[in-house]
Number of protein chains: 2
Amino acid sequence: MVPLQMKTADPELMRAINRFHVMDAIRRFGPISRVEISDRTQLSATTVSAITGALLDDQLIITHQLGGIRDAARGRPRVMLELNPAAAYVVGVKLALDQITVATTNFRADLLSSLVLPIRLQRQPVSVIADLVEDGIRRSIADAGLTIEQVSGVCVGLPGVVERIAGVCRASPIFGERDVPFAAELTTRLSGVAATIDSDVNLVTLAEHWFGEARGLDDFLVISVELGLGLGIMHNGELFRGANGLSPDLGDLMVRPPNGNGSTRLAEAASEASILAEAQEILAGGEHAHAFRLGRGMEKILQLAAGGEPRILDLLERAGGSLGFAIANLITLFAPPKVILAGAALEAGEALVGPIRRTVAELLPPSLADVSEIVVHHWSDDIWARGAAAMTLRDLYGAPWNTTGPVVHR
Amino acid sequence: MVPLQMKTADPELMRAINRFHVMDAIRRFGPISRVEISDRTQLSATTVSAITGALLDDQLIITHQLGGIRDAARGRPRVMLELNPAAAYVVGVKLALDQITVATTNFRADLLSSLVLPIRLQRQPVSVIADLVEDGIRRSIADAGLTIEQVSGVCVGLPGVVERIAGVCRASPIFGERDVPFAAELTTRLSGVAATIDSDVNLVTLAEHWFGEARGLDDFLVISVELGLGLGIMHNGELFRGANGLSPDLGDLMVRPPNGNGSTRLAEAASEASILAEAQEILAGGEHAHAFRLGRGMEKILQLAAGGEPRILDLLERAGGSLGFAIANLITLFAPPKVILAGAALEAGEALVGPIRRTVAELLPPSLADVSEIVVHHWSDDIWARGAAAMTLRDLYGAPWNTTGPVVHR
DNA sequence: AGATTTAATCCGCATTGTTTATTAAACAAG
DNA sequence: CTTGTTTAATAAACAATGCGGATTAAATCT
């Protein structure tokens, strides 16, 4: 069940739709037999045979040797099918203010290599950033034992407002400029390997959907508390992208700070950046000051929170209240069964998550009191990049909706 | 371009999709010739001929006599096609706290009859409300010169949280109870005529899309300020319904009241109900008091606002600020090209709309400063009911997505 | 009256999915 | 070892669809 950007229907579209369903079943449940695909997709066995036949011809899938577990003891054994890991390779990139993460995966989204470049990108001109990203990509490809010709696509995730289809970053804390055509910038550098860009949260949202906390869930929200704040929306199994393919930026939401007057942007109340800034002020001149100068501010904060430092606890309490305010409103709007929170700041544990939960519980209307489960998910660095890879793979799988990506067949 | 709840594709679905596109083109642009349908849908002339042939057989469309305007002076004239008004009849109902509006339309959503029952529904038991609605429907059908057997469907719009697919109203100011299975309640009363329910704002949102301010716009928001507050979201040409087909209730959003501490639910800050209550308090004991007792409170308020009564202007200023806060956040999330405001309170004009615009402008992030046009639309009473009728017609047209409705064919 | 132009339809074809039969590949029983 | 049974996978026949090219229909122009 996937929403489709509607075109007029012809036999080709029909085949594309069904091929995608088969591919999706194999990705999600492989190794899987033809009969089971037939069960799951509601397609006839004949059709599944035809489609898997074509996929085998195209080397997009392979038969799994050493036959699967027999369902029944008798009868012809099922031939298990799975994605051909070598069918394609993709690279995912995650840009953050303080580092670049790059990951190369195969067609199954298995990590082949990953690397982190701890570089402060802020204020660098676009061309310099593109150069750095290019270097990282080329290095990661080499680390994976591949050449760039073998790579089918690259996807870059970055914070801010991104128009994926146009390949333009409308606004990002990373770029000084507006409307940066970063996808084109990269594609030319990479000898024509297709590069796309997307909001970083969208990537991690897809990652959660494919191989994370939300596998099999078609509706959920992801809220990332990094240096900036991000919101990813999965609705009916598809990423929700705002009206023009823009990605909503959670930091731009207005919230009411608890016990305060007026209102502020959420980014100023509860982002990692704002927490750091405020903590630095609180602890100014103290023994901890130099930790901040070394970029270890968040670690220090977590340490002090664990130690029960009251001013830090109060700070986290207020940040949590603001986040809770925003989350309560989001639940009111989307009524998602699950809300996934993540980010370095959440390592603070109950000191931050407690206030969030309490505020949400307090502000939610009674009718929505129990619809949403709020969970905290700790991501490893390369989950982001793996999500970027997944985004590219989704195109390669040939989803007939989202006219964005080229379809690989034949 | 319409999102589709994906099924596995077979020839039947293919035809259903294309038939819907043809029907949609005829509805939107009819009277329209086959060639123009072919142009607009990108379907081949042959296919259009085949589909329109079937539709003519089924009497869903008719040929428009007195040939249309010739595109070119020469050649065989085009035969214009249009919906057959008599193909089906539907009834739309709008429940508000103080009145029931009923409208009967034909297959083209032309109004055949409409009536208003000014009855306070609040606190009435469900069965009484259902009785009243039944009476209204039967009367409206009779007024239209029809019998109930000729009616293909009924749709009821009501404020609150509605689960359309289940036909259950989860919560509404109209019902004392929760989880009212109102659709079933009505269907049994109406000798089996299929009744559905939906959020009232969704209906008016569809109405705006079909024949209102947002014709041809695939992304916009509708915010209705009635006794309660409603939010309708059109995204990619489809109504957005929250995760479980629930409809978001704008009144449940939390906002910051300007110049105030803490936060409140928007319903308590800017609904017609809250405005009335506060005005009544302000004017308590004064010469205007009895107007409120007569249910003419809003008229009085508008009058005083026009006259420049400072306490009323201040009240509207604050309500507008709260609405602006919520709207700014919604624009941040959805980035819709258009936001449509409506409701009795908006008759106050600039006294309310001014603060809304100012607050939105103040709170929107710069990157989204100019994406949304905010317009005020004054609805006549039966627009709502006509929207309800349109909702039923959409099912009859046979949209292959939204498995909800039965498809009429053959 | 015949030529011209445009609309609509007819015919043949390729593609698709489905149903029904057939073959393939295993195990079980004699 | 052969034969029967069971399940998986494929093949053959069939019906529905959309499309392109040829054909017919219905008007105007010369």
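The values are calculated or read from the model by the stated rules, or taken from the named source; none is laboratory data. In this text, all values refer to a predicted model and were calculated from it rather than measured experimentally. Cβ placement follows ideal geometry from the backbone for every residue including glycine, while neighbour counts extend to all protein chains displayed. Areas reflect the complete protein model, heavy atoms only, side chains present, ligands, DNA and RNA absent. Shrake-Rupley method; radii C 1.70, N 1.55, O 1.52, S 1.80 Å.
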> For the range B:181-215, what are the residues that are within 14 Å of chain A (Cβ to nearest Cβ) and over 30 Å from B:GLU149 (Cα atoms)?
Replying inline: B:ALA214
> Is one or more of the residues making up the range B:174-191 touching a strand residue (DSSP E or B) at 6+ places or on another chain (Cβ under 6 Å), at pLDDT below 90 and in the same structural domain as B:ALA390 (by TED's automatic domain parsing)?
Replying inline: yes
> How about the range A:368-386: which of its residues are in contact (Cβ under 8 Å) with a residue 40 or more places away in the chain and either over 13 Å from A:VAL222 (Cα atoms) or outside any helix (DSSP H, G or I) (or both)?
Replying inline: A:VAL371, A:SER372, A:ILE374, A:VAL375, A:HIS377, A:TRP379, A:ASP381, A:ASP382, A:ILE383, A:ALA385, A:ARG386
>> Tell me the residue from B:GLY212, B:GLY245 that is surrounded by fewer than 22 Cβ atoms within 10 Å (Cβ to Cβ) and in contact with a Lys or Arg (Cβ under 6 Å, 6 or more places away or on another chain), please.
In response: B:GLY245
> Among the residues of the range B:129-156, which ones are assigned to a helix (DSSP H, G or I) and open to solvent by 50 Å² or more (accessible area, probe 1.4 Å)?
Replying inline: B:ASP131, B:ASP135, B:ARG138, B:ARG139, B:ALA142, B:ASP143, B:GLU149, B:GLN150
> Within the range B:35-57, which residues are open to solvent by 30 Å² or more (accessible area, probe 1.4 Å), within 11 Å of another protein chain (Cβ to nearest Cβ) and in contact (Cβ under 8 Å) with a residue 24 or more places away in the chain?
Replying inline: B:THR47
> Do you know which residues across the range A:163-208 are assigned to a helix (DSSP H, G or I) and open to solvent by 30 Å² or more (accessible area, probe 1.4 Å)?
Replying inline: A:ALA184, A:GLU185, A:THR187, A:THR188, A:ARG189
> What about A:ILE340, is it open to solvent by less than 10 Å² (accessible area, probe 1.4 Å), on the phi < 0 side of the Ramachandran plot and touching a residue at least 40 places away in the same chain (Cβ under 8 Å)?
Replying inline: yes
> Can you tell me how many residues in the range B:354-367 are in a helix (DSSP H, G or I) and crowded, with 21+ Cβ neighbours inside 10 Å?
Replying inline: 5
> Which of (1) on the phi > 0 side of the Ramachandran plot; (2) near DNA strand C (Cβ under 8 Å from one of its atoms); (3) under 30 Å from the mean Cα position of the chain (by Cα) is the odd one out, the single condition A:GLY75 does not satisfy?
Replying inline: (3)
>> Looking at A:PRO77 and the list (1) modelled with pLDDT of 95 or more; (2) surrounded by 13 or more Cβ atoms within 10 Å (Cβ to Cβ), which single condition is not satisfied?
In response: (1)
>> Yes or no: the range B:109-123 includes at least one residue that is surrounded by fewer than 17 Cβ atoms within 10 Å (Cβ to Cβ), within 25 Å of B:THR205 (Cα to Cα), charged (D, E, K, R) and in contact with a helix residue (DSSP H, G or I) (Cβ under 8 Å, 6 or more places away or on another chain).
In response: yes
> Which condition breaks for B:ARG311 when tested against (1) touching a helix residue (DSSP H, G or I) at 6+ places or on another chain (Cβ under 9 Å); (2) modelled with pLDDT under 80; (3) away from every other protein chain (no Cβ under 14 Å)?
Replying inline: (2)
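Looking only at the range B:250-262, decide whether some residue is assigned to a strand (DSSP E or B), within 12 Å of chain A (Cβ to nearest Cβ) and buried (at least 23 other Cβ atoms within 10 Å of the Cβ).
Checking the range B:250-262: at least one residue is assigned to a strand (DSSP E or B), within 12 Å of chain A (Cβ to nearest Cβ) and buried (at least 23 other Cβ atoms within 10 Å of the Cβ).
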> Checking B:PHE240 against (1) surrounded by 20 or more Cβ atoms within 10 Å (Cβ to Cβ); (2) within 28 Å of B:MET298 (Cα to Cα), which single condition isn't satisfied?
Replying inline: (2)
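Can you tell me how many residues within the range B:390-410 are at pLDDT 80 or above and touching a helix residue (DSSP H, G or I) at 6+ places or on another chain (Cβ under 9 Å)?
Residues meeting the conditions: 6.
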